[in-house]
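The values are calculated or read from the model by the stated rules, or taken from the named source; none is laboratory data. Everything quoted here is computed from the prediction, not taken from an experiment. FYI the Cβ positions are ideal-geometry reconstructions off the backbone, even for glycines, and counts take in every protein chain you see.
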Amino acid sequence: LTAPPARRSIALPDLLNLWIARKLLIASLALTFFWFGILKIAGVSPVVPLLKATFPFMASDPYLSLLGLFEVAAAAGLIISKLRRVTLAFVICHLIGTLSIIVIAPHVLFAPEFPVLTMEGEFVVKNLILISASLVLLLDTSDR
């Protein structure tokens, strides 16, 4: 018989660093979704032309405002610890949905062609970072 693997103890400064990093991820995701949502609700979001090119019905009310409300609600859900895990799952699904533009309207993302990104392409590709940050928080077991 072999002994179970030894559990590595984590030093207090490392735990503090992990705690701070986790809180910063939560706060930055919440701020991002709040900001994006408020701009949609106010009707001044710079993403409207991108929506018109891909999902035209989403580019006007009531759908644009509903999308904005979802994003503001997601921001609140990220801050409220009891709602965080389910919110993160919804956020990940939402962000994966935004990547569908790669199939629906690649001409909007690449100019003159792949792999050169347009401004809209950069906007969409940054969602990979938001998805990754959301996954890190969702899979984190330190708050269970």
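Every residue in region 129-144 that is among the aliphatic types (A, V, I, L, M) and surrounded by 10 or more Cβ atoms within 10 Å (Cβ to Cβ), please.
If the condition is that a residue be among the aliphatic types (A, V, I, L, M) and surrounded by 10 or more Cβ atoms within 10 Å (Cβ to Cβ), then Ile129, Leu130, Ile131, Ala133, Leu135, Val136, Leu137, Leu138 are the ones that fit.
May I ask you to list the residues in region 33-52 that are more than 12 Å from Gly68 (Cα to Cα) and out of contact with any helix residue (DSSP H, G or I) (no Cβ under 7 Å at 6 or more places or on another chain)?
Passing the criteria: Pro46, Pro49.
Please specify each residue of region 53-71 satisfying the condition of being among the hydrophobic types (A, V, I, L, M, F, W, C), part of a helix (DSSP H, G or I) and farther than 20 Å from Thr87 by Cα.
Ala53, Phe57, Met58, Ala59
Picking from Val91, Val72, Val44, Val86, which residue would you name as being within 30 Å of Leu18 (Cβ to Cβ), loosely packed, with under 14 Cβ neighbours inside 10 Å and either modelled with pLDDT of 90 or more or in contact with a Pro (Cβ under 7 Å, 6 or more places away or on another chain) (or both)?
Sole residue among the options that is within 30 Å of Leu18 (Cβ to Cβ), loosely packed, with under 14 Cβ neighbours inside 10 Å and either modelled with pLDDT of 90 or more or in contact with a Pro (Cβ under 7 Å, 6 or more places away or on another chain) (or both): Val86.
Restricting region 100-128 to residues that are surrounded by 15 or more Cβ atoms within 10 Å (Cβ to Cβ), more than 11 Å from Leu50 (Cα to Cα) and touching a residue at least 12 places away in the same chain (Cβ under 8 Å), which is nearest to the chain's Cα centre (by Cα)?
Asn127
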